1. Which entries in the list Lys118/Lys172; Lys142/Lys189; Lys84/Lys224; Lys172/Lys230; Lys224/Lys276; Lys148/Lys189 go over 20 Å, if you measure between the two C-alpha atoms of each?
2. Read through the labelled values [x] 55, 30, 15; [y] 35, 22, 17; [z] 79, 34, 13 and report the label of the one computed as semi-axes √(5λ) of the Cα gyration tensor in Å from the structure.
3. Would you work out which of Gly169, Phe181, Gly201 lies farthest towards the positive end of the dipole of the stretch 144-218? Charges go on Cβ: Lys and Arg +1, Asp and Glu -1.
4. Which whole-number percent gives the relative contact order of the stretch 229-281, counting Cα pairs below 8 Å spaced six or more residues apart?
5. Can you give the extra length, in nm with one decimal, that the chain gains between Tyr132 and Glu193 once fully stretched, where that is 0.36 nm per residue apart less the Cα-Cα distance?
6. Mark the label point 7 Å from the Cα of Lys276 along Cα→Cβ and return the residues of the stretch 35-69 whose backbone N is within less than 19 Å of it.
7. Between Asp209 and Arg167, what is the label-to-label distance in nm when each label sits 7 Å out along the Cα-to-Cβ direction?
8. Toward the positive end of the charge dipole of the stretch 206-281, about the Cα centre and with charges on Cβ (Lys, Arg +1; Asp, Glu -1), which of Gly259, Leu225, Gly279 goes farthest?
Amino acid sequence: MTRCFLLCLVLAAGAAPAAPRIAVHGHRGAPAARPENTIASFEEAIRGGADYIELDVYASRDNVLVVTHDPAINPAICQGGEAKRPVRSLTLAELRRYDCGSLRHPAFPRQQPVPGAKIPTLDEVFDLARTYPAVRFNIEIKSSAQWKDYTPEPAEYCEMVAAAIRRRGLEKRVFVQSFDFRIVTAMRKTAPEFVVAALYGSGGLSFVDIARETGVKVVTPHFKLVTPAKVGEAHAAGIQIVPWTVDTAGEWDRLIGAGVDGIITNDPAGLAAHLKARGLR
């Protein structure tokens with residue numbers, strides 16, 4: 001009788017509810033397969049199943065927003081010009097002289113070079129929105145209080161990024177994050193309609209503490225800081241957790257078990273396939 005009663009309840013309720021979706025963020029695109037922060041890398045991430053392409057933004061000397069990770073030209077991945085020059089000291093035309101696709105990143109042995117790939121502008125990355133109407137953009141604004149000569153002042157910087165997003169009508173398709181809490185709070189003031197997240201790498205603050213300090217509803221911590229208790233506390237406070245940067249199945253499973261809302265990875269195709277195999281996609 002009891003078994004029949006329980007079975008009837010299940011049938012009456014229909015299929016079991018789907019597991020919460022875990023968003024896949026392709027870190028700098030898909031550097032496991034293509035050179036980071038290039039158009040080829042972003043397209044690879046999208047084809048592999050990324051919900052978001054994560055990218056890094058700086059401003060050139062002529063105030064063009066460009067997509068590259070390091071504050072100065074990194075000779076390990078870019079060649080064809082003077083190495084280690086600050087991005088902020090170069091015009092867009094000067095930045096275009098670098099080839100950032102021919103050298104394979106030593107951390108990614110499966111990466112396929114894309115000879116001649118240039119540092120793209122943020123507008124060029126946003127062009128992908130037309131070709132891939134479902135993709136979203138996780139924009140990390142690179143900034144630090146110690147980098148006085150590398151970036152504009154926070155308020156100006158946020159105005160520049162917000163204006164670029166609004167020109168393309170992408171307000172509902174962006175996720176803006178930064179380690180610099182000055183940027184986080186300035187962006188929330190500049191563009192309250194955007195999803196803004198606080199990046200966090202180390203220290204004693206809880207995720208709730210970080211959200212309280214910055215006013216955000218999303219925290220993006222280093223994956224080693226994530227525990228089920230911390231995620232549960234954050235969720236109880238209405239805060240989402242999207243850790244970075246995770247490339248192994250064991251750590252993906254640990255984060256899934258902790259209840260995270262998304263995962264930032266260098267291998268978005270691998271993560272998307274892993275989630276699908278677990279019935280989470």
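All of the numbers you see were taken from the coordinates with simple rules; none came from a lab. Keep in mind that what you see is a predicted model, and the values were worked out from it rather than measured. Note that we place each Cβ from the backbone using ideal geometry, even for glycine, and neighbour counts take in every protein chain shown.
1. Lys118/Lys172; Lys84/Lys224; Lys172/Lys230; Lys224/Lys276; Lys148/Lys189
2. Correct label, based on the coordinates given: [y].
3. Gly169
4. Contact order relative to length: 35 percent.
5. Length gained, Tyr132 through Glu193: 19.7 nm.
6. 42-53
7. The modelled label-to-label distance comes out at 4.0 nm.
8. Gly279
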